[in-house]
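Down below is the structure, laid out as C-alpha cells.
Bear in mind these aren't lab numbers, they're just calculated from the coordinates by the rules spelled out. Owing to the predicted nature of the structure, the values given are computational and were not obtained by experimental measurement. Cβ placement follows ideal geometry from the backbone for every residue including glycine, while neighbour counts extend to all protein chains displayed.
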Amino acid sequence: MAEREIPTAAVPPRAPEPEAPRGAPRGLRHGPGRLLVTLYGIFTVGAASRSVYQLSTRFDEAPLAYTLSAVAALVYAFITVALVRGGEGARRLALVCCAAELAGVLVVGTWTLVDPSAFPDATVWSDYGRGYLFLPLVLPVTGLLWLRRSRQHER
C-alpha cells in the first residue's frame, strides 16, 4: 500500500521584523522586561493565593496583615498586566503601581520593625520583604528603572 502525500496549504512568508538598535530594548516585554513580567506574575499568584486562603480561614488572627497581602497581590497583578500590554498608558500605570509598591514596601517594612505587635503574622512586604528574599523591595526599583530606560530608548 503506497503512502499518499497530503497537500499542505501554502503559507505566505512573514515579513521580517525591523531590528531594534543594538542594546535598545524592543518593548516592555523583552529583555529584562520579560523577567519582570515573569517575576510579577509569580508574585501575583503567590500573594493572591496566600491572601485568599488567609482572609477566608484566619482573618480574625491578623486582619491588617492579610488585607495588606491582598493589596500587594492586586498591585502585582496591575503591574503584570501593564507590562504585558505595553504602550504609553500601560507604562504610566506600571510606573504608578511600581511607585505604590515601593512606598508600600517601605512603609510596611518600617512599620513591622517599629511596631511588630501590629502584625501578628507577616505580609509580603513585612521587614522589607525579608520572607521573600527582599524581592518585594528590589522588584519595584528594578521595574521603575526598566520603565524609565525602555522609554528613553523608544523616543
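Above 12 angstrom, tally the Cα pairs of region 88-145 and express them as a % of all pairs, no decimals.
Cα-Cα pairs in region 88-145 separated by more than 12 Å: 63 percent.
Report ³J(HN,Hα) in whole Hz for each residue of region 131-148, in order, from the Karplus equation J = 6.51 cos²θ - 1.76 cosθ + 1.60 where θ = phi - 60°; Gly and Pro get x.
x, 10, 6, 6, 4, x, 8, 6, 4, x, 5, 4, x, 4, 5, 5, 4, 5
Could you pull out the chymotrypsin sites (Phe, Trp or Tyr not before Pro) across region 92-155 that fall in loop regions by DSSP (anything but H, G, I, E, B) with no more than 15 other Cβ atoms inside 10 Å?
Sites meeting the loop and neighbour criteria: PHE134.
Please compute the modelled spin-label separation between ALA100 and ASP60, points set 7 Å along Cα→Cβ, answer in nm with one decimal.
Taking the simple label geometry, ASP60 and ALA100 are separated by 3.1 nm.
Counting residues in region 52-124 as N, plug N into 2.2 N^0.38 Å and put the Cα Rg over that result.
This ratio for region 52-124 stands at 1.27.
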